[in-house]
Each structure stands twice: as structure tokens, then as C-alpha cells.
């Protein structure tokens, strides 16, 4: 298969994997609490990475460790809990669209805190993306007020919890800028494995005190939900990382980043199949956000 066909195959595969992660979180929350889900995801992903990437940590020098630790907490510790808490109250499709604001926040954080310059086009993309985010949240609130939408997990949906998703994307934005400025001379596998060295123990402690081990053997519902998180950790993290790295190798970072535009399509599709609602205003808002993301990533 030629590189041209391969890159499109990998892009579609990655979109399916990452776009499906939000519905897996939703299914996981049926039998698990948000703290159980977040900590289980951290622990399982840590074990997978330790098995395949432990040798790579020899690349990490003394000057790197502080930034590896900070990177780990902002990208791999807090976001799993924030996404789980948010999806207790908002639909998986909405979460995926809000997650696509990560490139916008990367531009903002890089410009304000890391002295990484931004073009006028990128700043325009940030403004457009911000307007789209406000429209998306407003559309969700309007949908709730008019239709009195009911969430299958916790009753009434509360779109103010969208803030948790945005907070997670800010963490991702810090992570990208930290890697770009301070960790660019070591491999992605070394950085990621190093991240989980720091977050594994806190994740395991939270999982232990969440009551997970006390009830998992006696609760069929918890076992099914935990199965979804096993799939999320194995496929959505380990396999997806390999696919993404391969995609970058045979194409370009710009082409690989276009997965940001295709993930929400898959996620919203899963949400609609699962009975979620997505109104016209929210669809318009999603288009506005993705336009902003496109402008912020487009080369001059």
C-alpha cells in the first residue's frame, strides 16, 4: 500500500479510535464513579506503558525530570477525572467537540506563558473558536430548557460542567508547550512513560480508596463498565499512540493534526446512536469551533 493510501487509512483508524473514547467513558460511568473511572484509566494505562516503554526512560536526563512530572499531571492525571466528572452531566458528543478546542488553547498558552509567537491567523482562529464554544454551551442550555433533556446517568444534564472539559484541554495545551520547549530532545514514548511514573501511584491510591477493589468482584455492572475502560486504556492509549506516530512518520504533523476535525464526527455519531440529542445550534457551534481550530493550525 502506498504512503498516500496508508496515511488516509491511519487517519480514519485514529479518528474511529479516539472518536469512540467518549462513548466508552460514558458506558464506563454506568457502573463506575468518576473517581473510579479516572483512576482505573490511569492505572491500566500505566501498566501498559511500563510494559512496552520502560527501557525508553533512560533517555530522560536530570534536567528533564521536573518537566516530565509537570507534563504528567497536567496531561495524564487531572484530565481523566475531569472528563469523567463532565460526562456525568453532559453528552459524549458535546464533550468531543469541546475537546477539539485543545489546539486553540495551545496557541493561547504558548503565546502568554511560553513566549511562543502566534500569527494573526492563529489569533483569529482563537477568537472564532471561543465564540463557537460559547454557542455550543448556550445551545446545550437552550436544549435543556426547551426539551427538559434527561441524562441517562445522573438525571438532568448540566452544561455548566463543560468547564471541566475546557479545563482539561488547557492541561493538554500546557503539556504540548512543555514538550515543545523543554522535552523536544527525547522520544515521545520516553516522555509518556515518564509521565505515568509520576501519576501511577496517586492514581492507584485514589482507586484503592474509591472502594473499587471492595465491590468489583461482586458487582456485574462494575465489571462491565471496567471492561469498557480496559478497552479505552489498551486501544485508546497504547494502540492509538503507535498509529499516530506512524501517521506522523509517513505524512506530516499538519496532516496528522487533522484528526482533530474528524474525531467529533465519530463521537457525535456514537452519541446519536446512543440516544443523545444534538440540535441545529449545537451543530452550527461545532462548525464554528472547527473553523477556528483549522485557522489556528493552518500554515501561512
Of everything in region 178-193 that's under 14 Å from residue 57 (Cβ atoms) and under 19 Å from the mean Cα position of the chain (by Cα), which residue is surrounded by the fewest Cβ atoms within 10 Å (Cβ to Cβ)?
188
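Yes/no per residue for (1) over 20 Å from the mean Cα position of the chain (by Cα); (2) outside any helix (DSSP H, G or I); (3) at pLDDT 85 or above; (4) closer than 28 Å to residue 51 by Cα:
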{"position": "163", "(1), (2), (3), (4)": "no, no, yes, no"}
{"position": "172", "(1), (2), (3), (4)": "no, no, yes, yes"}
{"position": "176", "(1), (2), (3), (4)": "no, no, no, yes"}
{"position": "200", "(1), (2), (3), (4)": "no, no, yes, yes"}
{"position": "206", "(1), (2), (3), (4)": "yes, no, yes, yes"}
{"position": "214", "(1), (2), (3), (4)": "yes, no, yes, yes"}
{"position": "226", "(1), (2), (3), (4)": "no, no, yes, yes"}
Could you grab me the full set of residues in region 45-73 that are within 16 Å of the chain's Cα centre (by Cα) and modelled with pLDDT of 95 or more?
73
Checking the structure you have, find out if any residue of region 144-161 is in contact with a helix residue (DSSP H, G or I) (Cβ under 7 Å, 6 or more places away or on another chain), under 19 Å from residue 34 (Cβ atoms), at pLDDT below 75 and part of a helix (DSSP H, G or I).
yes
Provide a single number: the residues in region 178-194 that are closer than 18 Å to residue 109 by Cβ and either assigned to a helix (DSSP H, G or I) or touching a helix residue (DSSP H, G or I) at 6+ places or on another chain (Cβ under 6 Å) (or both).
7
Close pairs (8 angstrom Cβ cut-off, 6 or more residues apart or separate chains): on the phi < 0 side of the Ramachandran plot and surrounded by fewer than 16 Cβ atoms within 10 Å (Cβ to Cβ) in region 276-287, in a helix (DSSP H, G or I) and at pLDDT 75 or above anywhere:
287/132
Just to be sure, is residue 272 closer than 23 Å to residue 36 by Cβ and either surrounded by fewer than 20 Cβ atoms within 10 Å (Cβ to Cβ) or modelled with pLDDT under 95 (or both)?
no
Any residue at all in region 134-141 that is at pLDDT 75 or above and within 15 Å of residue 89 (Cα to Cα)?
no
Quick check, is residue 126 surrounded by fewer than 21 Cβ atoms within 10 Å (Cβ to Cβ), farther than 30 Å from residue 197 by Cα, at pLDDT below 90 and more than 13 Å from the chain's Cα centre (by Cα)?
no
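The values are calculated or read from the model by the stated rules, or taken from the named source; none is laboratory data. Model, not experiment: these values are computed from the prediction. Backbone-built Cβ (ideal geometry, glycine too); neighbour counts: all protein chains shown.
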